[in-house]
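For reference, the structure discussed in these notes is given below.
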């Protein structure tokens, strides 16, 4: 698998937003809490507030990784490219940059929990969801270099 990591640019905003929109539409348990214009602008927000890395495979965007320092704010892979190693490669790319990474995963997202646990992340704490936009219980995960 040939994967390129490129810095996100303003021209990527709409496609980032569309990846998120497609994921939300396919995820029955995620509530619709943002308006359509807010959701359409989320890619721009990520580009303005985080370090976005675009994952390119064979000339097309297959996903993106958004980091705020050592916090993974977003990692999404397009449908059709999931479970092919792109997400794992993105996490490994982030792990090469930091000695520790943190991220939040919704408790309802068992697939994401398994994914991160296989990559060495450990659950630190849970929340009732009062601090996230969706009001959904979540789990804080931590990965440390040479942990264990």
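The values are calculated or read from the model by the stated rules, or taken from the named source; none is laboratory data. Note that the structure is predicted; figures quoted are calculated from it, not measured. Reconstructed Cβ throughout: ideal geometry from the backbone, glycine too, with neighbour counts over all protein chains shown.
At-a-glance table
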item	result
Any hit, the stretch 68-78, residues being assigned to a strand (DSSP E or B), at pLDDT 95 or above, out of contact with any strand residue (DSSP E or B) (no Cβ under 7 Å at 6 or more places or on another chain) and farther than 20 Å from residue 24 by Cα	yes
Test: residue in the stretch 33-52 that is in contact with a strand residue (DSSP E or B) (Cβ under 7 Å, 6 or more places away or on another chain), assigned to a strand (DSSP E or B) and over 19 Å from residue 14 (Cα atoms)	no
Hits in the stretch 90-106 - residues which are surrounded by fewer than 16 Cβ atoms within 10 Å (Cβ to Cβ) and either in a loop (DSSP other than H, G, I, E, B) or at pLDDT below 95 (or both)	96, 97, 99
Where a residue in the stretch 124-148 is in contact (Cβ under 8 Å) with a residue 60 or more places away in the chain and its partner, wherever it lies, is assigned to a strand (DSSP E or B) and surrounded by 14 or more Cβ atoms within 10 Å (Cβ to Cβ), with Cβ under 9 Å and at least six apart	134/106; 136/106
